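To start, the structure under review is shown below, and the notes come after it.
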Amino acid sequence: MAHQISIRIDGKLVKVSAGSSILDAALAAGKDIPALCHMKGLSAVGACRLCVVELAGVGRLLPACTTPAADGMSVTTVSQKLTKYRRMILEMLFAERNHVCSVCVSNNHCELQALAARLGVTNVRFAYSYPKLSADTSHPRFVLDHNRCILCTRCVRVCAELEGAHVWDVMSRGTGSRLVCDMNQPWGASKGCTSCGKCVQACPTGALAEKGWCVEEMAKQPARVSRLAVIRGGGQ
Amino acid sequence: MAKKITIPHVSRIEGHAKITIHLDDSGEVAGTQLHVTQVRGFEKFIEGRPFYEMPSITARICGICPISHLLASVKACDDIMAVRIPETAACLRELLHCAQIVQSHALSFFHLSSPDLLLGMDSDPAARNVIGVLEKHPQLAKDGIALRKFGQQTIERLAGERVHPSWTVPGGVNAPLDTGTRDLILSDLPIAKSIVRRTLKFFKGAIDGFQDEIANFGNFPTLYAALTGPNGELRLYDGRLRFQDPEGNTVAEVVDPLEYQHYIAEATLKFSYLKAPYYIPAGYPQGAYRVGPLARLNVCGRCLTPEAGAELAEYKQRFGPVAHSAFLYHYARLVEALYCVERMEQLLEDPKITGKHVRAQAGVNALEAVGIMEAPRGTLIHHYKVDEQGAMRWANLIIATGHNNLAMNRSVEQVARHYVRGDTIPEGMLNRVSAVVRAYDPCLSCSTHAMGQPELDVLLLDPAGELLDRRRT
């Protein structure tokens, strides 16, 4: 049995195995920290920064998913400051690309949309950047719409760690970052893609979707993919 | 000295319009222009989107008749998939469409046009609105609100939402109709029917008081276009597109929707963002044709529901087999509302309406397709081209109001010639110019895919283009 450590989460004493992340510890304590890139069973990357928490004695916010829990830590997961930053992150995600919920296949089934509603994001204070982005319709069964991608990389990790195909990656930097298939090939031209659809099911938004479904019809099952990843031991 | 009158905003229409009236040296009307002043660009920004997103995107063209765009779009998508949709799905779509026409016609007749008809074209503009109608004719105003509510509520019951529902999909609809909902809609039908009957009776009694308007409101021969059944019956959801000459002879019939391109071309006007479609064999601008309720009743010889069938026969008896006055759009709208309520009853009483197989699935099987249907304001055409993967490459949307553009221009000119005297805009003339535009129930926001406040702007110009007078409502 792994060595046990004790940390306080929102004042509550929690015992977890050494090596656990703060997010794992919080989940064990029944806390629901907002997160978009995290998927149990896959490696943690800290891409979305929504799971930021306050750590006593540390002057900056830290992502709960990639920060290991240490004995004696005192963590705050809910505060006005955290809510403010989490809202801001969501607003920036909305402003960065063209998330038009009303015509999205994942409308009403979208984790980004649901989180915005949960955190009370009623408007976006930042100027929308309206990038001209394409949709890759070349795959016979699936479609990639860059307009709706938040670069959480769940697809990248599920494909590499669970399916073992490693078809997806992210190219470029900053606001120019794009999800790419193989070495920036059309999805339909990928020799590596097994068309398993795990990336589609793992995607929190309508960025990856099955072809042919209309607005509001793409209800995904990320929990199934996550369960499979845990069983296969693909990640932590 | 020649002059120019401007009506800066047309009120109680969907979208923005401005009218310019040019006077010659003797003060007579030399010509008029109806300007539609916004552009939205739907045909451009859909490029690259998967074709099955088109219904939900194009529905956003309009908040009044999104169902029309949804249906024209899903019909085009059905053809891209090259599927024949399940019969139940076709019936459900037609049912939804009838509810949409009832609510839209109720909005046009009661909310937008009845103030002119009931309170008089020369009454105080401040009170010439639906509130004024509510004060002077409370029963009629309540009827209007109730009828529109019936249409909207039926849309909600069928499709889940009143505006921009996601129920209609390429290949059919995404959920069947349960018997409980069917019975709910059926239980509200008799009230809706009695409202339309009562309004028709009222309108027929009042129409003799509008002889001047009937004679001068866009009363000129044009071609007409509308969908019909194989035997010339009134059809709104599908059928063949028939073109009719001013004498009532069929000059062309489009059975394959793709062939519409052989008959309709669109001219671009320098003074308006609204294109001017015309009938190709007659050329531009002689090929002006009209669509909408007036055109549908002209093109269709009969109607397959009993009460609307009798009303259509009476209408034709009163005005002849082909009626040319735009004022009669109002009358035709009421006849159609009755047809829709009766047709809804027929559809709901058919056992197959609650069938469970409501969707056909397929990929891309055709790279070009056209969906044509009769929106409340007339024939609506969605024309799509896609690549092998289903991404949109090109789209052309010809909206009902667009078809009427040339005729609306001519109607404005006719009214202006009749009512404009001198170099100022008489209030009664302003009202009548606005009213003739309103008779077409134009949806300018749809037809240019524009946005903005609904208003009318009339400009009076001399031959040198100098502004003499300007009025807005």
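Does segment B:314-412 classify as rounded, prolate or oblate by the C-alpha gyration tensor (a ≥ b ≥ c root eigenvalues; a/c under 1.5 gives rounded; else a/b over b/c gives prolate, otherwise oblate)?
Judged from the Cα gyration tensor, segment B:314-412 comes out oblate (a/c at least 1.5, b/c at or above a/b).
Just checking the output field for A:172-184: average partner chain Cβ neighbours within 10 Å of each residue's Cβ?
0
When only C-alpha pairs under 8 Å and at least 6 residues apart count, what is the relative contact order of segment A:82-210, in percent?
Rounded, it is 28 percent for segment A:82-210.
How large is the charge dipole for segment A:98-226, taken about the Cα centre, if only the Cβ atoms of Lys, Arg (+1) and Asp, Glu (-1) carry charge, to the nearest 20 debye?
220
Sorted by packing (mean other beta-carbon atoms within 10 Å per residue), highest first, where do A:198-208, B:25-35, B:424-434 land?
A:198-208, B:424-434, B:25-35
From Cα pairs below 8 angstrom and at least 6 apart in sequence, can you work out the relative contact order of segment B:101-145, rounded to a whole percent?
After rounding, I find 44 percent.
Show me B:251-260, A:141-150 ranked by packing, highest mean number of other Cβ atoms within 10 Å first.
In descending order of packing, they fall as A:141-150, B:251-260.
Once the Cβ-Cβ distance between B:Asp350 and B:Glu259 is put in as r, and R0 is 25 Å, what FRET efficiency do you end up with, to the nearest 0.05?
Once rounded, the FRET efficiency stands at 0.20.
Can you find, among B:Gly171, B:Phe202, B:Ala225, the residue sitting farthest towards the positive end of the charge dipole of segment B:159-231, where Lys and Arg contribute +1 and Asp and Glu -1 at Cβ?
B:Phe202
What does the average come to when, for each residue of peptide A:206-215, you count the partner chain Cβ atoms lying within 10 Å of its Cβ?
Mean shielding by partner chains, rounded to a whole number: 5.
Check every DSSP H run in chain A and write down those whose alpha carbon atoms cover 20 angstrom or more along the long axis and whose mean Kyte-Doolittle hydropathy is -0.5 or greater.
A:80-96
Sort segment A:139-236 into rounded, prolate or oblate with this rule: let a ≥ b ≥ c be the square roots of the eigenvalues of the Cα gyration tensor; rounded if a/c is under 1.5, and if a/c is not under 1.5, prolate when a/b is larger than b/c, oblate otherwise.
Verdict is rounded for segment A:139-236.
I'd like the distance separating the alpha-carbon centroids of segment A:109-179 and segment A:51-71, in whole Å.
Using only Cα atoms to place each centre, the spacing works out to 26 Å.
Rounded to whole Å and sorted largest first, what semi-axes of the equivalent ellipsoid does the C-alpha gyration tensor of segment B:16-147 yield via the square root of 5 times each eigenvalue?
After diagonalising the Cα gyration tensor, the semi-axes are 37, 26, 12 Å.
Along the charge dipole of the protein assembly as shown, which of B:Gly120, A:His139, B:Gln211 sits closest to the positive end, that is, farthest toward it, with unit charges on the beta carbon of Lys, Arg, Asp and Glu (+1, +1, -1, -1)?
In the protein assembly as shown, that residue is A:His139.
Please sort B:68-76, B:99-107, B:181-189, A:20-28 by packing, taking for each peptide the average over its residues of neighbouring beta carbons within 10 angstrom, highest first.
Answer by packing, highest mean first, reads B:68-76, B:99-107, A:20-28, B:181-189.
Which FRET efficiency value, to the nearest 0.05, is calculated for A:Val230 and B:Ala313 with the Förster distance at 60 angstrom and r the Cβ-Cβ distance?
Computed FRET efficiency for A:Val230 and B:Ala313 comes out at 0.25.
For chain A, what is the charge dipole size about the Cα centre, in debye to the nearest 20, if Lys and Arg each add +1 at the Cβ and Asp and Glu each add -1 at the Cβ?
Dipole about the Cα centre, nearest 20: 300 debye.
For segment B:259-395, rounded, prolate or oblate, judged on the Cα gyration tensor with a ≥ b ≥ c (square roots of eigenvalues), a/c < 1.5 rounded, else prolate if a/b > b/c?
Oblate.
Diagonalise the Cα gyration tensor of chain B and give the resulting equivalent ellipsoid semi-axes, square root of 5 times each eigenvalue, largest first, whole Å.
For chain B, the ellipsoid semi-axes come out as 35, 26, 20 Å.
At 10 °C and 1.306 mPa s, what whole-number value in µm²/s does Stokes-Einstein give for the translational diffusion of chain A, with Rh from the Kirkwood sum over Cα pairs?
In µm²/s, the coefficient rounds to 85.
Which of A:Ala209, A:Met183, A:Pro68 sits farthest toward the positive end of the charge dipole of chain A, with +1 on the Cβ of Lys and Arg and -1 on the Cβ of Asp and Glu?
Checking the options against the dipole of chain A, the answer is A:Pro68.
So who's got an amide H within less than 5 Å of the one on A:Leu62, skipping anything under 5 residues away but keeping other chains? H placed 1.01 Å off N, in plane.
A:Val53, A:Leu55
Taking Cα pairs under 8 Å and at least six residues apart, what relative contact order does chain A come out at, in percent?
After rounding, I find 21 percent.
How many angstrom lie between the Cα centre of segment B:381-400 and the Cα centre of segment B:71-110?
Their Cα centres are 18 Å away from one another.
Within 10 Å of each Cβ in peptide B:358-365, how many partner chain Cβ atoms are there on average? Round it to a whole number, please.
Per residue, the average neighbour count from other chains is 1.
Once you charge only the Cβ atoms, +1 for Lys and Arg and -1 for Asp and Glu, what is the size of the charge dipole of segment A:4-78 about its Cα centre, to the nearest 20 debye?
20
Estimate the FRET efficiency between A:Tyr85 and B:Asp178 by the formula 1/(1 + (r/R0)^6), using the beta-carbon distance for r and 51 Å for R0, to the nearest 0.05.
That gives a FRET efficiency of 0.65.
Can you run the Rg to Rh ratio on segment A:4-78? Use alpha carbon positions and the Kirkwood inverse-distance Rh.
My calculation of the ratio gives 0.92.
Just for segment A:4-78, what percent of DSSP beta bridges are antiparallel, to the closest 5?
Bridges in segment A:4-78 that DSSP calls antiparallel: roughly 85 percent.
Laboratory data are not the source of any read-out in this text; all were calculated from the coordinates shown. Since this is a predicted model, take the numbers as computed values, not measurements. All Cβ positions, even for glycine, are placed from backbone atoms using ideal geometry, and neighbour counts span all protein chains on display.
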